[in-house]
Amino acid sequence: MDSEPQPLTDPSATPPQVAGPRAARDDNQAVPQGPAHTEGRSTDRPTHTPRGARNGDHQSRPGALPPAPGRPLRVLGRFAASAALPVLLGGVLVLVSWQVAVDGPLLGLDRWTRHTVRESRHELHSTLLNHLGKALSDLGSSVPAIPTLLAGGALAGWRSRRAGAPRWWRPVVTTVLTAGLIPLLVVPAKAWFARPGPFGVPLAPDQWGWYPSGHTATATLSYGVAVLLLARTVGAAARRRLYAAAALLVAGVGLGLVWSDYHWLLDVVASWCLGGLVLWAFARWLPPRRPRGRNS
């Protein structure tokens, strides 16, 4: 029998597949065989193909893949840690304060918001929403905000000491400084701007103004600093949950104040900016986080 290889008789015929579960490829990578590797897929490409050869789910962008989970959070975290954040917050705070001082056109946003909120309350006529707005507003009072701040600092200090941190006492000092800093930031500004509230009633001689919002500043700094301290003693997953809870709580206090006609919108925005600047500065002053487990 002739052992020499025979040429293909039909030019259109293809060489036989190599036997076995995995076949060779030109780039020396194995290609999985059989229908089990393509069934139930969202695209018609096989698995383990080079990135450039994938068509992905976006036909207009060859090789495009869905964004990696958590990427927007990482981008937001980098922005919060950069110098761009205090520049932005400081710019907004200066702009709003200037408009309040000169009774500028930006205050039209306050009047429009007040009118829209009052119409919404009248149309909805929801007792539940009204009670919810007042309850959220009360979370910006000195009680419970300041006790929460002090408790968060004490817990963070205790956890830092258990972890062997050299300056475990710093969270306690930070909370005490924050509790004393809040009135020093808010009260002089209220007295200087002397802005009337949403009802337009003139201020009494012994009455402070409405700008900036004291409840919003108290909530932002108290809950924000407490979470900032605790977040340095827990893992990444718990840290994200703490940040999200604090952001929702602070936003709820501000929205509750506007919904209940306790404050103008710009009063709340100014206190958010003021609190954000202080939180950014505290985050730089505190020692870096100690490495921990991913989900601890």
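The values are calculated or read from the model by the stated rules, or taken from the named source; none is laboratory data. Note that the structure is predicted; figures quoted are calculated from it, not measured. Heads up, the Cβs are rebuilt from the backbone with ideal geometry, glycines too, and the neighbour counts pull from every protein chain shown.
Within region 117-165, the residues that satisfy the criterion of being out of contact with any Pro (no Cβ under 8 Å at 6 or more places or on another chain) and in a loop (DSSP other than H, G, I, E, B) are 125, 126, 139, 140, 141, 163, 164.
Among the candidates 236, 247, 219, which residue alone is of a type outside the set (Phe, Trp, Tyr) and at pLDDT below 95? Quick ask: steps written out before the conclusion?
Numbers: 247 fails: at pLDDT below 95; 219 fails: at pLDDT below 95.
Testing whether each residue is of a type outside the set (Phe, Trp, Tyr) and at pLDDT below 95 leaves just 236.
Consider region 77-112 and keep the residues that are closer than 18 Å to residue 275 by Cα, of a type outside the set (A, V, I, L, M) and touching a residue at least 24 places away in the same chain (Cβ under 8 Å). The one that is surrounded by the most Cβ atoms within 10 Å (Cβ to Cβ) is 97. The C-beta contact set for region 237-256 (first residue farther than 23 Å from residue 270 by Cβ, second residue aromatic (Phe, Trp, Tyr) and modelled with pLDDT under 95, distance under 8 angstrom, 6+ apart or interchain) is empty. If I filter region 198-210 for residues that are among the β-branched types (Val, Ile, Thr), within 19 Å of residue 262 (Cα to Cα) and surrounded by 16 or more Cβ atoms within 10 Å (Cβ to Cβ), do I get at least one hit? No, every residue in region 198-210 fails to be among the β-branched types (Val, Ile, Thr), within 19 Å of residue 262 (Cα to Cα) and surrounded by 16 or more Cβ atoms within 10 Å (Cβ to Cβ). What residue, among those in region 117-167 that are β-branched (Val, Ile, Thr) and loosely packed, with under 12 Cβ neighbours inside 10 Å, is nearest to the chain's Cα centre (by Cα)? Filtering region 117-167 for residues that are β-branched (Val, Ile, Thr) and loosely packed, with under 12 Cβ neighbours inside 10 Å, the one nearest to the chain's Cα centre (by Cα) comes out as 143.
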